[in-house]
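**Q** Sharing a structure here in structure tokens format.
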Amino acid sequence: MKEQQLRHLARTRGATSQVAATFNERAKDYRKSDWHRRYAERLIERTSLRPGDLVLDAGTGTGFAALAIARIVSEDGHVVGVDVSAGMLQEARKAIHATSLQNIELLEADATDLKRYSPSTFDAVISAAALLYMSIPKALAEWHRLLKPGGVVAFSTMRTGSPQAGQLFRDCAKRFGITLQDPNRELGSADRCRLALEMSGFRKLEILQEQIELSTLDLAHAWESNFRSAKHYAVRQLSPLDQKSLRQQYELALKEAQIHDACAVSHADVFYAFGRK
């Protein structure tokens with residue numbers, strides 16, 4: 001049993017290190033992703049935060065959600081932004097320093113394992129588009145432990161198969177013998193979001209479905225965001241020649257999809273999920 005636990009721990013640490021390395025590579029360009037910023041801010045708008053709240057931003061990235069939270073909780077409140085990627089946190093510090101906000105603390109750590117904090121520490125735990133890169137049961141169990149009684153957990157995710165640009169990328173990868181799982185499959189429906197929260201002991205659940213619009217600039221970066229995704233690691237093992245061919249096929253497929261149905265390509269179906277401890 002102990003040997004199995006050690007192997008599981010090694011795999012978990014390896015996966016976390018891979019996610020960190022991937023986002024370190026993407027960090028400098030990530031803040032250019034306007035739809036990620038709007039996606040995070042919409043989650044915060046939908047969450048019942050109050051001035052004075054102590055909030056954990058789990059998977060803070062470049063700080064889109066942390067900045068929005070900090071403005072709501074005001075100087076009487078505090079935000080702890082946690083991420084495994086040092087590169088993303090460096091970009092978050094730059095963004096914070098460009099403001100007058102003094103109530104954000106950044107921590108390089110695994111947001112699913114925060115033993116440094118006692119139970120019932122936070123009023124809210126927020127995870128904007130980050131839960132898909134974590135062990136979902138482990139993350140939600142840890143956040144339930146960290147929340148005060150009555151505290152709220154809130155996360156955002158996408159419907160399975162959305163956005164279309166991501167599905168097209170996975171379809172193109174199949175032609176090169178690579179099967180990529182949809183990163184949204186575990187939480188990609190309202191029922192799956194609800195079940196994940198229920199299994200972790202949350203109550204008073206609310207799942208909201210909306211759409212987020214992708215700009216022309218967002219779609220222009222679709223190759224890089226999909227090729228560099230932490231969930232699409234296998235395509236980066238292709239030969240340089242195959243990578244070039246994949247890019248050509250993908251960009252052609254995306255262009256044809258935009259001509260056929262520009263509205264479908266430029267919108268993503270998203271869920272905002274909430275629960276109370």
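**Q** Just checking, does segment 50-60 include any residue being closer than 25 Å to Glu25 by Cα, modelled with pLDDT under 95 and touching a Leu at 6+ places or on another chain (Cβ under 8 Å)? Don't jump to the end; show me each part of the working.
**A** Of all residues in segment 50-60, those closer than 25 Å to Glu25 by Cα come to 56-60.
Adding the requirement that they be modelled with pLDDT under 95 leaves none.
No, segment 50-60 contains no residue that is closer than 25 Å to Glu25 by Cα, modelled with pLDDT under 95 and touching a Leu at 6+ places or on another chain (Cβ under 8 Å).
**Q** Of everything in segment 180-210, what is polar (S, T, N, Q), modelled with pLDDT of 95 or more and under 17 Å from the mean Cα position of the chain (by Cα)? Give them in sequence order. I'd like the intermediate steps shown before the answer.
**A** Filtering segment 180-210 down to residues polar (S, T, N, Q) leaves 181, 184, 189, 200, 209.
Add one more test, that the residue is modelled with pLDDT of 95 or more, and what stays is 189, 200, 209.
Passing the criteria: Ser189, Gln209.
**Q** While we're here: Here's a check for you: in segment 237-277, which residue that is touching a residue at least 60 places away in the same chain (Cβ under 8 Å) and acidic (Asp, Glu) is surrounded by the most Cβ atoms within 10 Å (Cβ to Cβ)?
**A** The residue in question is Asp269.
**Q** Counting only residues that are touching a helix residue (DSSP H, G or I) at 6+ places or on another chain (Cβ under 6 Å) and in a helix (DSSP H, G or I), which one in segment 38-68 is surrounded by the most Cβ atoms within 10 Å (Cβ to Cβ)?
**A** The qualifying residue surrounded by the most Cβ atoms within 10 Å (Cβ to Cβ) is Ala65.
**Q** Which residue, of Leu180, Leu168, is part of a loop (DSSP other than H, G, I, E, B), farther than 19 Å from Glu198 by Cβ and not acidic (Asp, Glu)? Outline the logic, then answer.
**A** On the way: Leu168 fails: part of a loop (DSSP other than H, G, I, E, B).
Residue meeting the stated conditions: Leu180.
**Q** Quick check on segment 128-141. Is at least one of its residues surrounded by 20 or more Cβ atoms within 10 Å (Cβ to Cβ), part of a strand (DSSP E or B) and either at pLDDT below 95 or under 17 Å from the mean Cα position of the chain (by Cα) (or both)?
**A** no
**Q** List pairs: first in segment 211-236 and surrounded by 19 or more Cβ atoms within 10 Å (Cβ to Cβ) and part of a helix (DSSP H, G or I), second among the β-branched types (Val, Ile, Thr) and at pLDDT 90 or above, Cβ under 8 Å, 6+ apart or cross-chain?
**A** Leu219/Val265; Val235/Ile178
**Q** Here is a check on your reading of the model: is Ala124 over 18 Å from Tyr272 (Cβ atoms) and touching a residue at least 12 places away in the same chain (Cβ under 8 Å)? Reasoning before the result, please.
**A** Working: over 18 Å from Tyr272 (Cβ atoms): no; touching a residue at least 12 places away in the same chain (Cβ under 8 Å): yes.
It is false that Ala124 is over 18 Å from Tyr272 (Cβ atoms) and touching a residue at least 12 places away in the same chain (Cβ under 8 Å).
**Q** Taking into account only those residues within segment 95-110 that are touching a residue at least 40 places away in the same chain (Cβ under 8 Å) and not acidic (Asp, Glu), which is surrounded by the most Cβ atoms within 10 Å (Cβ to Cβ)? Spell out how you get there, then give the answer.
**A** The first filter runs over segment 95-110 and keeps only residues touching a residue at least 40 places away in the same chain (Cβ under 8 Å), leaving 95, 104, 106, 110.
Retained after the next criterion (residues that are not acidic (Asp, Glu)): 95, 104, 106.
Numbers: Ala95: 17, Ile104: 23, Leu106: 20.
Looking at residues that are touching a residue at least 40 places away in the same chain (Cβ under 8 Å) and not acidic (Asp, Glu), I get Ile104.
**Q** Just need a number here: residues in segment 225-277 that are among the β-branched types (Val, Ile, Thr), over 30 Å from Glu41 (Cβ atoms) and within 23 Å of the chain's Cα centre (by Cα).
**A** Step one: of segment 225-277, the residues among the β-branched types (Val, Ile, Thr) are 235, 259, 265, 270.
Applying the additional criterion that residues be over 30 Å from Glu41 (Cβ atoms) yields 235, 259.
Adding the requirement that they be within 23 Å of the chain's Cα centre (by Cα) leaves 235.
So the count comes out to 1.
**Q** I'd like to verify a number: residues in segment 26-36 that are modelled with pLDDT of 70 or more and in a helix (DSSP H, G or I), how many?
**A** Total satisfying the criteria: 5.
**Q** Tell me which residues, restricted to segment 76-115, are of a type in the set (D, E, K, R) and either modelled with pLDDT under 95 or not in a loop (DSSP other than H, G, I, E, B) (or both).
**A** Taking segment 76-115 first, the residues of a type in the set (D, E, K, R) are 76, 83, 91, 93-94, 105, 108, 110, 113, 115.
Once the filter is applied, which keeps residues that are of a type in the set (D, E, K, R) and either modelled with pLDDT under 95 or not in a loop (DSSP other than H, G, I, E, B) (or both), segment 76-115 yields Asp83, Glu91, Arg93, Lys94, Glu105, Glu108.
The values are calculated or read from the model by the stated rules, or taken from the named source; none is laboratory data. Computed from a predicted structure; not experimentally measured. Glycine also receives a Cβ, built like all others from the backbone with ideal geometry; neighbour counts cover every protein chain displayed.
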